[in-house]
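This report concerns only the one structure given below.
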């Protein structure tokens, strides 16, 4: 496991690398988070152990300081710049939630660089999202109330049983949140709400696998259905799970691994 700070001009983006160094490149783009995901690097490596058996895995964090007006397109440009710095010419690309929006943008902008695309709990826009969910997150971030924000986040993202089991851990993960963390979080939420790639996804040319959840109350279950229809792609929908199915479903990576073996790997 290795964490690198990738310099992108006046910006920096952290990257976690693990797995099989001689394997094909597999990139993970995470969703919006209150704090850097690098604080959970050991848990991430453990969670993605199945993929690490066969792939050289890279997980990219968001840039350390997001500028006002930062968009999903801007995130995609910065991520591609990080690819260039690390010599990643062609990758299997997995995006989760907001990361899935960035991944779609990369696959549209540079189709030659994406061998396969895995889109998890994400959308082409926020047409089916619950405005009250985002409004609550924004209000709590503006109040700089990390405990309440992480509780609201957990309640919206996870099933009631999962949240009840891990509530204390989820809330505690907000400890040490800085003013910059709150600022970045708010900027990312604005980027999500303004995202709309419906008129461009037809330019995605690689094999695609969509994973959604039947009880997604953040971006809406219909968002995955629309992606599947627009891309005419392979998919798996988890009934009884919410937006955070990627953390809850025990066989989540098994489906991804099967797709890669059948359609994605060269």
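When the square roots of the Cα gyration tensor eigenvalues are ordered a ≥ b ≥ c, the ratio a/c for region 197-266 is 1.5 or more and a/b does not exceed b/c, which makes its shape oblate.
Helices in the chain, meaning DSSP H runs of at least 4 residues, each add -39500 (n - 2.57). Divided by all residues, the mean residue ellipticity at 222 nm is -12500 deg cm²/dmol. Distance between the modelled labels on residue 237 and residue 179, one decimal in nanometres: 4.6 nm (7 Å Cα→Cβ projection). Here the chain carries DSSP beta bridges of which approximately 35% are antiparallel, counting only pairs with both residues inside. Put in line by how crowded their Cβ is, counting other Cβ atoms within 10 Å and starting with the fewest, 189, 2, 140 read 2, 189, 140. With both labels modelled 7 Å from their Cα along Cα-to-Cβ, the residue 145 to residue 43 distance reads 2.3 nm. Residue 186 label point, 7 Å along Cα→Cβ, cut-off 14 Å on backbone N: hits in region 125-143? Residues passing the 14 Å test: 135-143. Full extension of the chain between residue 251 and residue 203 yields a length gain of 14.2 nm, computed as 0.36 nm times the residue separation minus the alpha carbon distance. Annotation: extensible slack from residue 262 through residue 89 equals 60.1 nm (criterion: 0.36 nm per residue apart, minus Cα-Cα distance). Shape class of region 1-94 from the alpha-carbon gyration tensor: prolate, with a/c at 1.5 or above and a/b greater than b/c. From a point 7 Å beyond the Cα of residue 4 in the direction of its Cβ, which residues of region 67-111 have a backbone N at a distance under 15 Å? Of the residues in region 67-111, 79-91 have backbone N under 15 Å from the label point off residue 4. Computing P(r) over Cα pairs in 10 Å bins from 0, in percent directly from the structure and comparing it against (1) 7, 32, 40, 20, 1; (2) 6, 27, 33, 24, 8, 1; (3) 6, 23, 27, 22, 12, 6, 2, 0 singles out (1).
Each residue in 162, 26, 195 was given a count of other beta-carbon atoms within 10 angstrom of its own, and listing them fewest first yields 162, 195, 26.
Throughout, read-outs are computed from the coordinates displayed, never taken from laboratory work. No experiment lies behind these values; they were computed from the predicted model shown. Every residue, glycine among them, receives a Cβ derived from its backbone with ideal geometry; neighbour counts consider all protein chains shown.
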